[in-house]
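Please read the structure below before turning to the comments.
What follows draws every value from the coordinates through simple rules; no lab data is involved. The model shown is predicted, which means the values in this text are computed figures rather than measured ones. Quick reminder, even Gly has a Cβ in these numbers, built from the backbone with ideal geometry, and neighbours come from all protein chains shown.
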Amino acid sequence: MTLFESLKIFPKVDLHIDFLGSIPKEAIYKLTNDENAEEIIDSMLELDSIKNYDNAKNLVATLLNNLDNLELATTSLIQKLKNDNLIYGEIFLNLDLFLKSLKKEDIIKTILKVIKKSNLDLNIVLEISSETSKEDLYQNLDILYTYYQKGITGVYFKKNKFENLDSYQALFDKFIKDKIEYIVLLDSKLTNQNKEIYYNASRIIYNLFEAPSSNFISVIRDSNIILEFPVTYQSYFNLYDELSNHFVYDLYKENVKITFTTWDMTLLDTDLLNEYCKLFNVFPFNLHDLVTITLNVLSKLNVKDDIKNNLMNEFREKANELF
């Protein structure tokens with residue numbers, strides 16, 4: 001069996017499925033249904049910057065202007081994930097990008113209904129931006145607390161890179177007090193003011209291109225935090241060259257829990273198989289490493305113990321077919 005064939009049947013886990021950035025192309029065609037469909041598709045394909053990517057997600061959101069369209073898009077996405085041999089995934093959902101005509105709770109209910117019908121182990125991570133208005137923030141927090149561990153497994157706080165997280169200390173204090181799992185993005189130097197926020201996170205999206213300090217590694221390892229590396233994002237914008245000396249592989253050897261996620265780009269037709277191939281082309285991992293990484297990630301999921309144990313057993317059984 002070739003490496004490609006092995007990766008194709010490998011049971012996959014993706015902890016960062018950007019909902020609006022992952023809707024398959026065939027669903028987009030069904031949702032447009034007008035003579036300008038090709039023009040819309042072309043504009044979505046021009047993803048030469050993060051700004052254009054955000055604009056494309058906003059455009060997808062305008063197509064999901066009713067619950068029927070939302071259900072169609074979710075169904076299509078889940079079928080794509082099944083085709084990629086996904087056994088567990090987390091859908092990142094930014095409710096503030098949807099049209100105001102849709103009620104936020106109805107969006108959550110519709111997506112959860114489709115997930116339940118699919119019998120695929122998926123959860124929602126609610127995305128909250130630092131640019132969110134106070135009114136929207138309170139609405140999002142109400143939904144988070146209503147559906148926490150009932151389909152929503154945590155919250156991802158996306159900050160404007162010019163802002164410090166200490167401005168939101170009260171919000172994170174609430175998450176910590178209420179034992180709400182949260183995820184943060186590390187895309188600039190870690191400051192003393194922000195350390196408590198990062199070190200209490202369940203997962204840190206590591207978007208820097210330099211090896212972390214030995215102190216950072218020690219804290220992450222001791223705190224059992226997962227470091228997430230977005231494969232699609234880094235490869236699409238040709239950022240792999242800046243990853244010197246395979247420090248990601250060194251982190252793995254130092255027993256830091258790491259994971260690789262797609263962070264899909266709208267309509268690039270990326271899939272998990274392509275991402276795993278990129279991963280093996282860039283880093284010196286082998287299939288045994290990938291098994292260890294996946295088991296480490298599954299052991300940290302914020303789900304009930306029986307679900308977690310079933311997922312780990314399912315993964316072991318399917319991974320054993322490769323060896």
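Summary table below
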item	result
Dipole of the chain, positive end: most advanced residue of A61, S101, I183 [Cβ charges, Cα centre]	I183
Helix-only CD estimate at 222 nm, as mean residue ellipticity for the chain, using -39500 (n - 2.57) per DSSP H run (n ≥ 4)	-15000 deg cm²/dmol
Packing-based exposure ordering (other Cβ within 10 Å, fewest first) of H16, H246, H288	H288, H246, H16
Additional length obtainable on full extension of the chain from Y199 to N281, 0.36 nm per residue less Cα span	26.4 nm
Unsatisfied cross-links (Cα-Cα over 30 Å) in the set K159/K318; K30/K82; K174/K278; K113/K257	K159/K318; K174/K278; K113/K257
Under Karplus coefficients 6.51, -1.76 and 1.60, residue-wise ³J(HN,Hα) of region 75-87 in Hz, glycine/proline x	4, 5, 4, 5, 5, 4, 5, 5, 4, 8, 6, 6, 10
Equivalent ellipsoid dimensions for the chain as semi-axes, Å, which come from the Cα gyration tensor, largest first	28, 25, 20
Relative contact order %, the chain, counting alpha carbon pairs below 8 Å whose residues are six or more apart	20 percent
